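Colleague: Pasting a structure below so you can have a look.
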Amino acid sequence: MIVERASHNWAYSEDIPGSRCGPEDGPWPRSYQVLDEQNLWRELRILAKPQSSKLDPQGRYKADSINFQPSPTTKTQDRYVVTQLDVHGRLWTFTGVFDGHLGDVTVEHVAHHLPIIVRDFLREANEATHAGKYTAESISDLFTKAIIAFDDAIAHDVLDLFGGSVDKLDNYTDAEIRQTINDQHEGGKNWRKARLCMYGTTALVALVDPDRKDLWVANLGDCQAILVSPGSGVKDWNIEVLTTTHNGDNDAELERVRKSHPDEPECIVDRRVLGALAPTRCFGDIPFKQSPAFTRRILYNLFPGFHNTSPWEEFLVRNISPPYITAEPEITHRRIDGGVGGADKENGSPLTATAHNIPTSRNPFKSLRSSPSTTPLPRFLILASDGFADLCEGEGQTRIVESWANGMVARNPPESVTDSKPGSQRDNMALRLLRRAVGGDDRLGVSRVLTLEMDGAWIDDTSIVVQTL
């Protein structure tokens, strides 16, 4: 492991937060190493690789991020992005988290290229964005169009090699298709395009305008955006979930898919699309968006080939009238400067929860709230992959986020809250939130998550971006 351990202990499956491992992953108990606070923070930093970005020259606004998977044998398929988009000399803030599945090819592509696509769409809306005379609705519409166009290009960049449609594939032999897409000897441009179609990723991205008046959140899949604002009371926090879940846990999403395919009872099987895919909205996953001929004629011929196509055929035989999943995002808009229009949302109503206070006896922090101050309390936007919600399942996400927020405004937080001077460059909001989610001041619990002796992953990949608004 990364650091030396002083002692070890034993854990059972129920001791590990989240739902990634269970009794079937035995034998239990399994060994883990008990870390002191110094080594615990050191290991957490090594595994989560925290990053910080200033979002304005004065340093009033920042974004902190982590990508966490403690298993040394598991490569994370999560990604995040924090960047600023130069649109006619004005900077829009773009942040996001992405949760890939089946592999990391498509998630890597999306995390890298989506900010560029959104920037280009903003630039093309020349008069509106240059003069700042845009409306919340126009940016929401632009955001949606950019995302859909980007996803459409994944399949059509490949189909354009064969006449532009699946129907034109009949004009090509398998040998001709293989020769076209397996062009590694010529740089592999076509091969890389085709590979993107095999995998998929969910996405959650946020956009803040240059004047910091408006926030837009676009969601595909099961990542989560949480707005954390000071409440009306002395110690309250308003914790608002800005996103809904686009997967088999959401009955409304399943019904949407069924209504699009009314004569296909197997469009949803076991709460999965075609019995195979959990997300109902995502980038890529082209076998669920194009007819089976795309997969059988193109992807089956892609180097290195398939030794066993039966897992694919199990859902392809149900693919009758694609697409079954969509890249149309759910867009949420919030006015963040206190102006009119602070609570509108396209495609549904937000889920809202007001956090309850932590009783004084259980809140050891001397908070910035406890004495009069001219400094306004911060407001946070949390973007997190579904691994974060999984970690919070036991104690409850609202309680964990509230406790973290109280720690963020504490003048002298304990060592279990941060290993750095509050407000310093090293102090990282996302790392603090991760620490709270994996156990907080329960040093044994955090040690279990970091050092469990297990061959595969025992928790889900977790990426978090926290930015101040």
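The values are calculated or read from the model by the stated rules, or taken from the named source; none is laboratory data. Source: prediction; values computed, not measured. Cβ placement follows ideal geometry from the backbone for every residue including glycine, while neighbour counts extend to all protein chains displayed. Note: areas computed on protein heavy atoms with side chains; ligands, DNA, RNA excluded. Shrake-Rupley method; radii C 1.70, N 1.55, O 1.52, S 1.80 Å.
Colleague: Once you keep just the Cα pairs under 8 angstrom separated by 6 or more residues, what percentage relative contact order results for the chain?
Modeller: 24 percent
Colleague: Is the shape of the range 52-95 best called rounded, prolate or oblate, per the rule: a/c under 1.5 gives rounded, else a/b larger than b/c gives prolate, else oblate, with a ≥ b ≥ c the square roots of the Cα gyration tensor eigenvalues?
Modeller: Because a/c hits 1.5 or more and a/b fails to exceed b/c, the range 52-95 counts as oblate.
Colleague: Another question, then. Scan the range 224-288 for trypsin sites (Lys or Arg not before Pro) in coil per DSSP, keeping those whose Cβ has at most 15 other Cβ atoms within 10 Å, and list them by number.
Modeller: Taking the range 224-288 and a limit of 15 other Cβ atoms within 10 Å, the loop trypsin sites (Lys or Arg not before Pro) found are 271.
Colleague: How high is the relative contact order of the range 208-292, in percent, with contacts defined as C-alpha pairs under 8 Å that are six or more residues apart?
Modeller: 23 percent
Colleague: For each pair in 168/189; 75/193; 62/193; 193/289, compute the distance between the two Cα atoms and list the pairs where it is over 26 Å. Each step should come with its number before you reach the end.
Modeller: Details: 168/189 21 Å; 75/193 22 Å; 62/193 35 Å; 193/289 16 Å.
Distance filter (> 26 Å) returns 62/193.
Colleague: Under the 0.36 nm per residue contour assumption, what length would be gained going from the current alpha-carbon distance of residue 61 and residue 141 to full extension?
Modeller: Full-extension gain reported as 26.2 nm.
Colleague: Per DSSP H run of n ≥ 4, the term is -39500 (n - 2.57); total these for the chain, divide by its residue number, and report the mean residue ellipticity at 222 nm rounded to 500 deg cm²/dmol.
Modeller: Values: 12 runs with 131 residues, N = 469.
-8500 deg cm²/dmol, from helical runs alone.
Colleague: Please give me the summed charge of the neighbours of residue 116: other residues whose Cβ is under 13 Å from its Cβ, Lys and Arg +1, Asp and Glu -1.
Modeller: Net of charged neighbours comes to -1.
Colleague: For the chain, which span is the longest to avoid every loop-located (per DSSP) member of GluC sites (Glu not before Pro) having at most 14 other Cβ atoms inside 10 Å?
Modeller: Value returned for the longest uninterrupted segment is 5-392.
Colleague: Between residue 133 and residue 308, what is the FRET efficiency for a Förster distance of 51 Å, r being their Cβ-Cβ separation, to the nearest 0.05?
Modeller: Using R0 = 51 Å, I get an efficiency of 0.35.
Colleague: Which net charge results when you count Lys and Arg as +1 and Asp and Glu as -1 among the other residues whose beta-carbon is under 10 Å from that of residue 289?
Modeller: -3
Colleague: Hey, another quick one. For the chain, build the charge dipole from Cβ charges (+1 Lys, Arg; -1 Asp, Glu) around the Cα centre, then report which of 384, 416, 46 sits farthest towards its positive end.
Modeller: Of the candidates, 416 comes out farthest on the positive side.
Colleague: Oh, and also: So how far apart, in nm, are the two label points at residue 328 and residue 148 if each is 7 Å from Cα heading toward Cβ?
Modeller: Placing both labels 7 Å along Cα→Cβ, they lie 0.6 nm apart.
Colleague: On the protein heavy atoms, probe 1.4 angstrom, tell me the percent of accessible surface of the chain carried by carbon and sulfur. Provide the component values of the computation, followed by the final result.
Modeller: Numbers: 10070 of 20940 Å².
Summing carbon and sulfur atoms, their accessible area is 48 percent of the total for the chain.
Colleague: Need one number: nm distance between label points at residue 424 and residue 189, each 7 Å from Cα along Cα→Cβ, rounded to one decimal.
Modeller: Inter-label distance under the simple model: 5.0 nm.
Colleague: What is the magnitude of the charge dipole of the chain about its Cα centre, with +1 placed on the Cβ of each Lys and Arg, -1 on the Cβ of each Asp and Glu, and no other charges, expressed in debye to the nearest 20?
Modeller: Here the size comes out at about 1660 debye.
Colleague: Right, next: Tell me, what is the percent relative contact order of the range 376-442, built from C-alpha pairs under 8 Å that lie six or more residues apart?
Modeller: Details: 37 pairs, mean separation 23.0, N = 67.
Averaging sequence separation for qualifying contacts and normalising by length gives 34 percent for the range 376-442.
Colleague: Another question, if that's okay. Whole Å is fine, so just give me how far the alpha carbon centre of the range 423-469 lies from that of the range 140-174.
Modeller: Computed from Cα coordinates, the inter-centre distance equals 39 Å.
Colleague: Once the piece of chain linking residue 300 and residue 31 is laid out straight, how much longer is it, given 0.36 nm per residue of separation minus the C-alpha distance between them?
Modeller: Using 0.36 nm per residue and subtracting the Cα-Cα distance, I get 92.6 nm.
Colleague: Once label points are set 7 Å from the Cα along Cα→Cβ at both residue 174 and residue 54, what is their separation, rounded to one decimal in nm?
Modeller: Placing both labels 7 Å beyond Cα along the Cβ direction yields 6.0 nm.
Colleague: Per residue, how large is the accessible surface of the chain? Use a 1.4 angstrom probe and give square angstrom.
Modeller: Heavy-atom SASA per residue in the chain reads 45 Å².
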